[in-house]
Each structure stands twice: as structure tokens, then as C-alpha cells.
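Undergrad: Below you will find the structure I want to go over with you.
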Amino acid sequence: GDKGSYFKTDSGVLCVPLSAGMGCGDEAARDSDQVVSILEKFLRSGADPAVAMKILNSVMLLRAGDSWGFATVDLMCVDLFTGETCFYKYGAAPSYVKNGKSIRRVKGETLAAGLSAGDGIAPDTVRLRLRPGSTAVIASDGVIADTDDEWLKTLLNKGFGDMKGLARSVLKEAEELYGVSDDMTVVTVRVEERA
């Protein structure tokens, strides 16, 4: 029921959306796939990420009666020229950013998209700057099940150079700790100096 993706906009911003449809299986997968697809279209057309997230929430609220569920939405946008980074979250699991020796837990408080009726409920927004060598881990709630995240911080401190290897290690550790009762998706990003 999870869908993760990444793409670069024409203005040099790396966008990493991740959505977890509520529940498991085909229906949840369809919801998360549609969420990521809609969000990507908005962002590629030049919409501001916060505005795109609000519109997505409204679209999900409108479609809720059409057998459409709700989904968590996580979006990380990195300006590849400056390193300025913004996380946008609707009900999403925490993300983790390693900058030098420090590890920051990036979390939000809003409900999943499609649940928050109201006048344009904004996503949780966290801004920071990624320096060369910084690593980010964006994961669904099946991976980050609760506040016990020392295992993930330990993995990040090992200093993986290979992001696929880090993602596989995070998944393997999460499976051992929590089992596979929920869908699990991990996206890892490392910022390098421009050559």
C-alpha cells in the first residue's frame, strides 16, 4: 500500500514523495499510487510544494465518497544548488536527517491527507539545509512504528556510502523488530558536492 518516488524539477529541485495508503493490499496501493501521481503533476507544473500539498488534501476530501480512502503523505524537496530542504507531512512517519555528526528527527502532527476537513489545512513543514555528505531517510509508518528509533540512528551513524545498501539495511532491521504486518517503504538520499 506504499508508493515512493523521486524526480527533479526544471528549476533544479529534487522532490521525493512517499505515500502510505491506509490499510494494506491493492486498495491501499491504489490510493498511495494516485496520491504520488497527483502530487508529481502539481510539482512538475511549477506549483509551490505547500500549495500542492493543500490542493492534494482538498482533492482527497472531495473524492472521499468515491471509494477513495485517505493516505499519509511525505514530501521532501531539496534545492540542488543551495541545499535548502523542506519536509512537508500529512500524517507521515518521522524522517531522519544526518548532517555531520548530528541526527535530526523530522516529525509532524497533522492528520493524514483526506481526513482534515477545514479551510485549507496546511501540512506540517520543516525547513533545514543539507550540506554535502548529509543523508536523509524517508520511510513509511510500517518502518518507523513508534518512538523507539535508536536502531535507525545507529544505522545512520555507520556511515553508509551506498544509499541502496542503507535502504536495504533499514528495511531488514525494521522487519526483524516489527515483523511484516504493514507495508514498508524506505527512500534514502545523500547530498554530494557538485563536480
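Undergrad: Just how far, in whole angstrom, is segment 153-192 from segment 5-42 if you go by their alpha carbon centroids?
TA: 19 Å
Undergrad: Continuing with the same structure: Return the subset of Lys3/Lys172; Lys107/Lys172; Lys8/Lys101; Lys54/Lys158; Lys41/Lys172 for which the Cα-Cα distance in this structure is over 30 Å, preserving the input order.
TA: Lys54/Lys158; Lys41/Lys172
Undergrad: Please find the FRET efficiency linking Asp79 to Asp26, where r is the Cβ-Cβ separation and R0 is fixed at 45 Å, and quote it to the nearest 0.05.
TA: 0.80
Undergrad: Out of Glu109, Glu173, Glu150, any idea which swings most in a Gaussian network model of the chain, alpha carbons joined below 10 Å?
TA: Glu150
Undergrad: If I build a Gaussian network model for the chain, linking alpha-carbon pairs within less than 10 angstrom, which residue out of Lys107, Lys164, Lys54 has the largest mean-square fluctuation?
TA: It is Lys164.
Undergrad: What accessible area, in Å² to the nearest ten, does a 1.4 Å probe give for Arg129?
TA: 130 Å²
Undergrad: Now for a different question. If each residue of separation counts as 0.36 nm, what is the full-extension length gain between Arg104 and Arg194 once their alpha-carbon separation is subtracted?
TA: Once the chain is fully extended between Arg104 and Arg194, it gains 30.0 nm.
Undergrad: What does the charge dipole of the chain about its Cα centre add up to, to the nearest 20 debye, if the Cβ of each Lys and Arg holds +1 and the Cβ of each Asp and Glu holds -1?
TA: 840 debye
Undergrad: For segment 1-110, state which chymotrypsin sites (Phe, Trp or Tyr not before Pro) are in a DSSP loop and have at most 10 other beta carbons lying within 10 Å of their beta carbon.
TA: When the chymotrypsin sites (Phe, Trp or Tyr not before Pro) of segment 1-110 are filtered for loop state and at most 10 Cβ neighbours within 10 Å, Phe81 remain.
Undergrad: If I build a Gaussian network model for the chain, linking alpha-carbon pairs within less than 10 angstrom, which residue out of Leu177, Leu152, Leu43 has the largest mean-square fluctuation?
TA: Of the options given, Leu177 has the highest mean-square fluctuation.
Undergrad: Just the number, please: carbon plus sulfur as a percent of the accessible area of the chain, 1.4 Å probe, no ligands or DNA/RNA counted.
TA: Carbon and sulfur: 50 percent of the exposed surface of the chain.
The values are calculated or read from the model by the stated rules, or taken from the named source; none is laboratory data. Quick caveat, the model's predicted, so the values are computed rather than measured. Reconstructed Cβ throughout: ideal geometry from the backbone, glycine too, with neighbour counts over all protein chains shown. Remember, those area values only see protein heavy atoms, side chains included, never the ligands or the DNA or RNA. Shrake-Rupley method; radii C 1.70, N 1.55, O 1.52, S 1.80 Å.
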